[in-house]
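Working notes, structure below.
The values are calculated or read from the model by the stated rules, or taken from the named source; none is laboratory data. Everything quoted here is computed from the prediction, not taken from an experiment. Ideal geometry is used to build each Cβ from the backbone, glycine not excepted, and the neighbour counts take in all protein chains shown. Side chains are part of the model used for accessible areas, which takes the heavy atoms of the whole protein and leaves out ligands, DNA and RNA. Shrake-Rupley method; radii C 1.70, N 1.55, O 1.52, S 1.80 Å.
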Amino acid sequence: MVVSKEIVERAETLRESIRYHNERYFGQDEPEVSDAEYDALVRELLALETEHPEIVTADSPTQRPGVGTAPTPFSEVRHIQPMMSLDNAFSRDELVAWGQRIGRLVTETITYVGEPKLDGLAISLQYEDGKLVRAATRGNGESGEDVTANVRTITDVPERLTGRSLPAVLEVRGEVFMPLSSFDELNRRQGEAGLRLFANPRNAAAGALRQIDPTVTASRQLSLFCYQPGAKEGGPRLRTHHETLEWLTGLGFPVNPHIEQLADLDAVYGFCTRMEQSRHSLGYEIDGAVVKVDSLAQRDEMGATSRAPRWAVAYKFPPEEKTTVLREIMVSIGRTGRATPFAVLEPVFVGGSTVGLATLHNEDEVARKDVRVGDTVIVRKAGDVIPEVVGPVISKRKKGARRWKFPVSCPCELHQPLVRLDGEANHRCVSADCPVQREQKVIYFASRGAMDIEGLGEERVHQLVAAELVQDAGDLYSVTNEQLVALERMGEISARNLVNGIEQSKQQPLARVLVGLGIRHVGPTAARALAVALGHLDRIAGASDEELEAVDGIGPIIVQSIRAWFTVPTNRALIEKLRSAGVNLTGPAPAQGPTEEQTLVGRTFVLTGGLEAFTRDEAAAAVTARGGKITGSVSKKTSFVIVGENPGSKQVRAEELGVTQLDEEGFQRLLVEGPPAEPEPERAKTAKPKKPAKAKTAKED
Ligand code: IVH
């Protein structure tokens with residue numbers, strides 16, 4: 001069928017327009033159109049291209065999402081052969097549809113190879129005359145980061161290849177991952193040192209690979225399995241994938257022992273289910289199976305789209321679900337007084353770790369799910385690591401189970417009222433004296449995105465507050481070595497390190513102090529803008545509304561929030577304590593100061609609805625600066641959907657796919673604290689309901 005000129009032209013106009021808006025959005029931070037308008041352009045182009053595949057161009061934005069990239073301390077390496085992605089199949093039907101589709105592209109019967117889909121990071125190893133010369137991350141597929149020095153410390157990576165007729169140049173692709181034993185050991189060490197725990201082995205592996213100091217990478221005990229050659233000059237002629245893998249094994253590369261040759265699609269599906277059943281007994285994490293066509297000649301016939309080969313597919317395991325009993329619904333109090341209900345569960349092993357707590361977000365969410373104390377509930381680990389209560393199993397509900405009612409007072413010892421204002425989704429404890437809030441504020445002040453005080457985690461702050469050494473963050477600076485040593489589980493070295501950490505934090509730039517104060521809506525971006533524009537905390541405190549509003553990115557809501565914060569006497573007292581302790585209150589942050597920690601590597605975000613403290617581009621910049629990615633549409637691969645005011649269809653989609661949703665406060669927290677740690681099996685704990693206040697709340701009406 002000949003495509004009309006109008007259609008070809010319309011598609012090109014749409015492409016130009018999408019490219020233009022990508023540039024406004026990611027390049028210049030000045031979007032001109034709303035999310036919905038942008039989405040409509042992309043949808044229209046996708047529809048035209050789907051109906052008329054012959055008009056798709058290689059440079060169409062549909063082939064390559066125009067996202068920004070994070071700054072990096074590693075130099076760039078171009079892959080000789082690009083590193084492609086894989087298309088996904090989420091069910092038996094989708095797997096069979098893939099098999100049938102490629103079956104039509106070749107005449108001979110297809111046989112397959114099934115491999116575990118390792119949940120780590122793709123790496124490309126380049127060998128010249130059998131010697132390792134470079135190792136690079138996948139990056140955008142065309143070029144990645146040079147991590148050679150770090151990769152050389154991984155004992156599984158051969159430095160020299162063995163055997164005869166070695167290719168002059170060889171790229172080998174594989175997955176670097178952290179075995180569960182190394183992961184547990186690393187988190188044990190982190191915990192002992194009072195450092196943040198890693199959320200999962202993939203994050204830990206990503207962190208280990210991006211270290212500036214290779215000895216740190218070496219201490220993290222990474223592993224490797226290789227699954228695919230890239231460029232190859234010379235060496236033997238290979239006809240099949242399984243032959244290739246045997247050859248790679250002979251050269252000294254580690255190849256996964258669970259890889260199987262599979263005769264047909266039934267065998268393929270059988271392999272996928274076997275992998276799913278054995279996924280927790282492998283000693284490392286997998287998130288699916290990769291199915292590949294065995295014959296290399298058939299692969300050539302099938303070819304690739306611009307992002308993925310047609311001859312392979314990733315079968316993704318569905319999110320794991322388990323049932324367990326909901327013992328209680330409690331409420332945790334955050335640093336802003338926000339009261340978050342959470343489920344206390346009979347601990348259950350799901351998605352690779354034991355879950356004992358799960359957030360229920362707010363009153364409406366509990367009502368919508370209608371979960372009641374004593375219910376058998378379904379628990380799921382959605383996409384990422386945050387456990388979720390899907391809903392009750394009504395058939396197992398006990399007679400007389402009552403609907404849950406939000407408690408009227410704060411669970412702390414002051415029992416002040418919890419209020420839900422008109423138009424708000426959350427209840428808040430309005431007392432300025434609430435001890436739980438105070439403790440949370442100190443935790444936040446010390447956290448990585450704020451003052452980043454080494455060794456001062458949640459548990460330590462709790463100890464300091466319980467021992468009445470600390471009431472607010474300002475008190476940290478008068479804690480002495482002797483006082484610390486007297487605390488339980490505090491050795492001399494830890495005490496000295498903590499005192500040093502607190503002392504060093506006095507030099508942190510003003511923007512970090514501002515974040516640490518925890519002024520509502522003042523996240524890292526607003527804080528930096530304020531520090532740069534006004535240059536001293538006193539000037540920010542004393543600025544008029546007009547002066548504040550003149551600062552880039554600061555609108556009336558943030559102004560109001562800053563004003564309100566500085567009028568509270570205890571906040572003013574806190575500033576005086578910081579001042580007399582010698583904490584730096586002058587800005588701006590040094591231009592080439594520390595880049596953000598790469599806490600969001602591997603995470604994909606979608607924004608929907610308006611946020612109060614961020615414009616769209618600020619939110620995107622905050623994510624990309626931490627190594628995360630922003631995309632335009634929600635898929636199963638999306639890690640988080642950030643839901644603002646008046647969200648669009650993306651929220652519905654997130655709901656359908658079970659993708660974790662974050663509201664603005666949750667987003668801010670993620671930026672500052674990084675993704676939540678996995679709950680520890682014996683002492684179940686989630687990052688969302690931080691240190692829940694111990695007091696129990698009303699169970700029924
Ligand atoms: S083959 C062109 N095989 O999955 C084929 N990838 O979703 C390239 N992965 O970037 C990939 N295990 O990081 C392949 N056995 C396996 C894999 C595997 C994990 C990862 C890899 C890739 C991603 C695609």
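Considering only the stretch 623-633, I want to know if a residue exists there that is of a type outside the set (S, T, N, Q) and open to solvent by 50 Å² or more (accessible area, probe 1.4 Å).
yes
What number of residues within the stretch 198-227 satisfy the criterion of being in contact (Cβ under 8 Å) with a residue 24 or more places away in the chain and farther than 18 Å from LEU670 by Cα? Walk me through it before giving the result.
Looking only at the stretch 198-227, we keep the residues that are in contact (Cβ under 8 Å) with a residue 24 or more places away in the chain, and these are 198-212, 214-215, 217-218, 220-227.
When the remaining residues are screened for being farther than 18 Å from LEU670 by Cα, the result is 201, 205, 208-212, 214-215, 217-218, 220-227.
Within the stretch 198-227, residues that are in contact (Cβ under 8 Å) with a residue 24 or more places away in the chain and farther than 18 Å from LEU670 by Cα number 19.
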Just name the residue that is farthest from LEU224 (Cα to Cα) out of those in the stretch 149-160 that are open to solvent by less than 20 Å² (accessible area, probe 1.4 Å) and more than 15 Å from the ligand (Cβ to nearest atom). ASN150
Suppose we keep only residues that are in contact with a Leu (Cβ under 7 Å, 6 or more places away or on another chain) and under 17 Å from PRO179 (Cβ atoms) within the stretch 223-233. Which one would you say is most open to solvent (accessible area, probe 1.4 Å)? PHE225
Starting from the stretch 270-287, take each residue that is of a type in the set (Asp, Glu) and list its partners that are within 12 Å of the ligand (Cβ to nearest atom), counting only C-beta distances under 6 angstrom and pairs at least six apart or across chains. GLU285/ASP119; ASP287/LYS117; ASP287/ASP119
Limited to the stretch 245-259, what total is found for residues that are open to solvent by 30 Å² or more (accessible area, probe 1.4 Å) and either away from the ligand (no atom under 12 Å from the Cβ) or assigned to a helix (DSSP H, G or I) (or both)? 6
Step by step: first the residues of the stretch 74-88, then only those that are of a type in the set (A, V, I, L, M) and more than 9 Å from the ligand (Cβ to nearest atom), then the one that is nearest to TYR269 (Cα to Cα). Which residue is that? ILE80
Taking interchain pairs and intrachain pairs at least six residues apart, which have beta carbon atoms under 6 angstrom, with the first residue in the stretch 166-190 and touching a residue at least 24 places away in the same chain (Cβ under 8 Å) and the second of a type in the set (Val, Ile, Thr) and open to solvent by 10 Å² or more (accessible area, probe 1.4 Å)? GLU171/ILE80
Filter result for the condition that a residue is open to solvent by 50 Å² or more (accessible area, probe 1.4 Å) and outside any helix (DSSP H, G or I), over SER165, SER181: SER165
Restricting to the stretch 420-433, what's the tally of residues that are under 16 Å from GLY518 (Cβ atoms) and crowded, with 23+ Cβ neighbours inside 10 Å? 1
Of (1) surrounded by fewer than 23 Cβ atoms within 10 Å (Cβ to Cβ); (2) assigned to a strand (DSSP E or B); (3) touching a helix residue (DSSP H, G or I) at 6+ places or on another chain (Cβ under 8 Å), VAL176 fails just (1)
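Scan the stretch 305-329 for residues that are modelled with pLDDT under 95, over 23 Å from ASN362 (Cα atoms) and part of a strand (DSSP E or B) and jot them down.
Let us first name the residues in the stretch 305-329 that are modelled with pLDDT under 95, namely 305-308, 316-323.
Within this subset, residues satisfying the condition of being over 23 Å from ASN362 (Cα atoms) are 305-308, 316-320.
Answer for the stretch 305-329, where residues must be modelled with pLDDT under 95, over 23 Å from ASN362 (Cα atoms) and part of a strand (DSSP E or B): just LYS316.
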Taking into account only those residues within the stretch 282-338 that are surrounded by fewer than 20 Cβ atoms within 10 Å (Cβ to Cβ), among the aliphatic types (A, V, I, L, M) and more than 16 Å from the ligand (Cβ to nearest atom), which is farthest from the chain's Cα centre (by Cα)? ALA297
